[in-house]
Amino acid sequence: MKIIIDTNVLVSAIIADGKPENTVDFIMAKDDWEWIVSEPILNEYRQVLNRPKFQKKLTDLVKQKWLNILEEATTKVEVAVEVNFPRDRKDEKFLACAIVSQANFLITGDYDFEEMQALLPATTIISVALFQELVINTGEDLSDN
């Protein structure tokens, strides 16, 4: 199973308890699942975690822990395609990564992505809540998908 996690989900997992954290933990605990990233996605994760507005919520120790997780728990792919997503150019990297990796899921809290579902026949764009309901809570083994 190949999963892409939008930055808003990652940040929510780090700074708040709840569904985003449970989702990221669930994905990382699955040995045969891959958290797919590209270098531009990793760069965005790093930049967002270093934003001044998160400094009070993220101690240096917590930030370093997550930077280490990102290095160790993700699978990096090379993305040599471009996607045109004028509505939000900074999200193009997630769509391109989904296309190249043939990801099963793109987990996001950003509803802008829904209009791009037709470009991603192999990837289901899904919210954290729906992923939790349909995948985590069902207990189904989706590893062969």
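The values are calculated or read from the model by the stated rules, or taken from the named source; none is laboratory data. The structure presented is a predicted model; accordingly, all values stated were derived computationally and were not measured. In this analysis, Cβ positions are derived from the backbone assuming ideal geometry, glycine residues included, and neighbour counts consider all displayed protein chains.
Tabulated data
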{"quantity": "Top-ranked residue in the range 38-93 [being farther than 21 Å from ASP112 by Cα and among the hydroxyl-bearing types (Ser, Thr, Tyr); ranked as surrounded by the fewest Cβ atoms within 10 Å (Cβ to Cβ)]", "calculated": "THR59"}
{"quantity": "Sole exception among (1) free of Cβ contacts under 8 Å to residues at least 12 places away in the same chain; (2) within 15 Å of the chain's Cα centre (by Cα); (3) not in a helix (DSSP H, G or I) for TRP35, by number", "calculated": "(1)"}
{"quantity": "Selection status of LYS19, loosely packed, with under 12 Cβ neighbours inside 10 Å and touching a residue at least 12 places away in the same chain (Cβ under 8 Å)", "calculated": "no"}
{"quantity": "Matching residues in the range 94-132 - criterion: being loosely packed, with under 15 Cβ neighbours inside 10 Å, charged (D, E, K, R) and in contact (Cβ under 8 Å) with a residue 24 or more places away in the chain", "calculated": "ASP112, GLU115"}
{"quantity": "Scope the range 112-130; condition under 12 Å from the mean Cα position of the chain (by Cα) and either closer than 13 Å to CYS97 by Cα or not hydroxyl-bearing (Ser, Thr, Tyr) (or both); matching residues", "calculated": "ILE125, ILE126, VAL128"}
{"quantity": "Given (1) farther than 15 Å from ALA13 by Cβ; (2) out of contact with any Phe, Trp or Tyr (no Cβ under 8 Å at 6 or more places or on another chain); (3) in contact (Cβ under 8 Å) with a residue 12 or more places away in the chain, index of the condition LYS53 fails", "calculated": "(3)"}
{"quantity": "Output for the range 74-95, where each listed residue is under 28 Å from GLU133 (Cα atoms), in contact with a Phe, Trp or Tyr (Cβ under 9 Å, 6 or more places away or on another chain) and at pLDDT below 95", "calculated": "ASP88, ASP91, GLU92, PHE94, LEU95"}
{"quantity": "Filter result (without any contact (Cβ under 8 Å) to a residue 40 or more places away in the chain and either of a type in the set (Lys, Arg) or under 26 Å from VAL79 (Cβ atoms) (or both)) within the range 56-69", "calculated": "LYS56, LYS63, LYS65, LEU67, ASN68"}
